[in-house]
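Data first, discussion second: the structure below is written as structure tokens.
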Amino acid sequence: MAKDTVFNPLSGEGKDFGAPTLRSIMDQLSAEPGEVLGAMANSLSDVATTMELLMQSVSRQSHHISRTHADRVRKHMDELAEVATSWGGSQREALPNYLQDAVRRFVFTLDVLRERGDIFLEHEAAGCPPVLIYDYEVIISGKTLPRPCNYDLLRIIPPADMSVIDVKRPYIIIDPRAGHGGGIGGFKSDSQVGVALLKGHPVYFVSFSHMPEPGQTLADVAAAEAEFVREVQRRHPKSHKPVVTGNCQGGWATLLLAATNPDLTGPIVLNGSPVQPWGGEIGKNPMRYNGGLIGGTYQPMLWSDLGGGVFDGAHLVMNFEQLNPSRNYFSKYYDVFENPEGIRQRFLGFERWWGGFFMLNEAEIRWIVEQLFVGNRLVKHQAQLEPGRTIDIKAVKAPVIVFTSDGDNITPPQQALNWIVDSYSDENEVKVRGQRIVYMIHEQVGHLGIFVSAKIAKKEHTEVASVMKTIEALAPGLYEMMIEEETGEGHEKSFVVSFAERSFDDLRRIDGGREEEGGHAGVARLSELQAEMYDTTLRPIVKAIVNPAIAETMRSMHPLRVQRSAMSSHNPMTSVIQTWMHALPEMPAVSSDNPYKKAEKLWAGIIEQQLDLYRDVRDAMYEASFLALWTNPFAMAFGKPMAVGRTLMSDAELRTVPEVQSALANAETGGFVEAVIRMLVMIADSRGSVRRDRLERSATVLTQDKPFSDLDMDERSRIIHEQTLVVTFDPERAIESLPKLLRTKTDRRKALDVVQYIPGRIDEMAPNTLDLLQRFHAVLDLPPMTQDVLDDPLSDQPAG
């Protein structure tokens, strides 16, 4: 049963009463003979599905609201009792002290908001440069490329106390262009940039300027990013291909880059990236319903026309703010009021990024809405970056690492992971394609924390930075990366990591059901019709009315700009704030035991809770409205043409793929290298999960020891891929043919020692691994394994 649910009388979810549910009755009727009866039953079954989804939504939402807010109300009542108790005794000095302190904090808060307004205007006047805390130099300006765009490649200059090693693998970080500017990935010292610099890696940053170039499209951006990667490779010819990290929108942009240039990048990291935006969990993730309730593609088309052909990113930022009104409209300002001097720099630093609003051309935002968020065409192999250029995610050759979180209400795990299930038949096809897909799911960290690198997420970024070569040593397949242990403190902290091989069923269990996604298909179809209607009726009128002056005025009058500029020093009224600041006497902060300070905090908590209650009720109504409108049988039938995904191959068809047939045909061809890699692949499969220490030993053998060190990375990857296919599609033959790869007793002994060295001590081996090693010995006509192999058999030095 899904969490946070109560009994559903339609599906029987929550409790087994031993009686058939309405849904099961409808399913039985639809199987009965008789065309009319079957049609009626199917229709009733569709209605039952809608009702089931609605009741599931209401059940989860009401349970969440009642449980969460009842607990918070009880907490407020306890706090109220504590405040009432603290009022006893002499409180003659409490009120004057509190009032003086409150006035002082209020004036300081006004000054913080004034400074925020000044920073906003200065930042806009400077063209909204990236908010990186590191120095940088511009390596390539996208404006100078054959297909001009507003993107730039920056080289991060390491601080004086850090040094980078040019031969180490470079990192390229792509920040999201989703209303905000670049730099959040290097906003703190413990962010992605800081973690990579700390490990000695050269770091490059893909940034963008305030306004797009005239006529700029996402195809131009993709071409620029590809050129940026080539330039980084030219600067580091002795390094492995660079790691490309994409945050949020930058994540699916990174996926487009790797899919359209499959031989260009090293591993790609997708942080909180909405690749399959229809996904989510009922009772959560209300943002995905926007297209069905406020309109599809015509909305960005209209706002772009009102902006003179340019879409204002402030609209997107306002959407994000409305997801959490208590935080964005009250709590963050109360935090400043509570401690204006202590929080000032942190607040202003974040607001400098949050208040930088960036523009997109109409062609760019329309592609994002049509092809991705409403149309969901990318995972269906229908998205075209430009005419005649369809994007195939399965063309990506580099390892893909996906970082997502249950606490992310903008890009939930389903949106970050469901593209895998929708793009491949099963985990075997991932192997057939030679791909390595690794994912991590955090329990709590929110959307910004994923790439701002809050403490809760820092260890994930640190580990991704240090295990790239280990991930590349994995056999092709689907894995979950888990951080199991932590040792040390600060910069010396280290982690023990394991990689568990996963199936598509594991990903489906994360989702818990996808019936409601059919409603998004109807939204996508209506969106196309709306766009056509707007394009042929209202658009000519809007374009005739709007001129550049009107467009600029509308941008300047956006509420998010007005609230900042109105409080800046450009407003003569704010000059009185400085006068008040100088007039305030120095005084210590009021004690937290002051009953009026306690009452203030209680008041703030009640306001925040009430705003959260409004949000939760609004989201529940939002979801119920979407389900009622778009998951009923009529809407589902309307959207059926848009619900069709890409055709996936069956297991029998996968076996006919040329790569598989070639691998099987060469199963008895090869020597020492092929045999060792084949046995290592089989051992990894037998365990199901592999600890990082074992993978590091494997990576050392496969990259540093002869004869493996004589292979370049592409040849090594080819052999690993080929042997993985042999093991996957004909495991018995994979074992029985080992003697034909290892013809001499010396080679057999040495190969088995190498293979045994990887898992370590015999008494630490899993039973399946031990049995498999003993079978290798038997097939190769060698005595059973009895002694540990603790030193690298291919190294002159002990392995330690």
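Structure above, values below:
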quantity: Within the chain: Cβ-based charge dipole about Cα centre, in debye rounded to nearest 20 (Lys, Arg +1; Asp, Glu -1); calculated: 880
quantity: Among 409-421, 655-667, 307-319, the order from most to least packed when residues are scored by Cβ within 10 Å on average; calculated: 409-421, 307-319, 655-667
quantity: Cα long-axis angle, helix 35-86 against the chain (0 to 90 degrees, to the nearest 10); calculated: 60
quantity: Cα centroid separation, the stretch 184-234 to the stretch 254-268 (Å); calculated: 14
quantity: Rounded FRET efficiency, nearest 0.05, which uses the C-beta distance separating Val562 from Asp593 and R0 of 30 Å; calculated: 0.15
quantity: Cα-based helix-to-principal-axis angle, 692-704 vs the chain, degrees rounded to 10; calculated: 60
quantity: Gain in span if fully extended, Val73 to Arg718, counting 0.36 nm per residue against the direct Cα distance; calculated: 226.1 nm
quantity: Charge tally in the Cβ shell below 12 Å around Arg72, where Lys, Arg are +1 and Asp, Glu are -1, Arg72 excluded; calculated: -3
quantity: Signed unit charges on C-beta, dipole axis of the chain, positive-most listed residue Met621, Ser191, Val206; calculated: Val206
quantity: Helix-only [θ]222 nm of the chain, DSSP H runs n ≥ 4, -39500 (n - 2.57) each, per residue, nearest 500; calculated: -16500 deg cm²/dmol
quantity: Paramagnetic reach from Met581 in the stretch 317-347 [backbone N under 18 Å; point 7 Å along Cα→Cβ]; calculated: 336-347
quantity: Dipole of the chain [Lys/Arg +1, Asp/Glu -1 at C-beta], most positive-end residue of Val73, His63, Pro262; calculated: Pro262
quantity: Potential lengthening between Ala81 and Met211 on full extension [0.36 nm per residue; Cα-Cα distance subtracted]; calculated: 41.3 nm
quantity: Percent accessible area from carbon and sulfur atoms, the chain, protein chains only, probe 1.4 Å; calculated: 56
quantity: Acute angle (nearest 10 degrees) that the helix 249-260 long axis makes with the longest principal axis of the chain, alpha-carbon atoms; calculated: 30
quantity: Between the stretch 376-441 and the stretch 53-105, the alpha-carbon center distance in angstrom; calculated: 44
quantity: Solvent-accessible ranking of Leu752, Leu629, Leu95, largest area first, probe 1.4 Å; calculated: Leu629, Leu95, Leu752
quantity: Point-to-point label distance, Asn319-Asp747, nm (Cα→Cβ direction, 7 Å offset); calculated: 6.0
quantity: Protein-only accessible surface order, largest first, of Leu99, Leu725 at 1.4 Å; calculated: Leu99, Leu725
quantity: Within the stretch 744-800, trypsin sites (Lys or Arg not before Pro) in DSSP loop having at most 10 other beta-carbon neighbours inside 10 Å; calculated: Arg761
quantity: Ranking by accessible area, most exposed first, for Ser191, Ser503, Ser163 with a 1.4 Å probe; calculated: Ser163, Ser503, Ser191
quantity: Gain in span if fully extended, Arg389 to Ala652, counting 0.36 nm per residue against the direct Cα distance; calculated: 91.7 nm
quantity: Per residue solvent-accessible surface (Å²) - the stretch 225-372, probe of 1.4 Å; calculated: 29
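The values are calculated or read from the model by the stated rules, or taken from the named source; none is laboratory data. As the structure is a prediction and not an experimental result, all values here were calculated from the model. Please note: Cβ atoms are built from the backbone with ideal geometry, for glycine as well, and neighbour counts cover all protein chains shown. Surface accessibility is based on the protein's heavy atoms, side chains included, excluding ligands, DNA and RNA. Shrake-Rupley method; radii C 1.70, N 1.55, O 1.52, S 1.80 Å.
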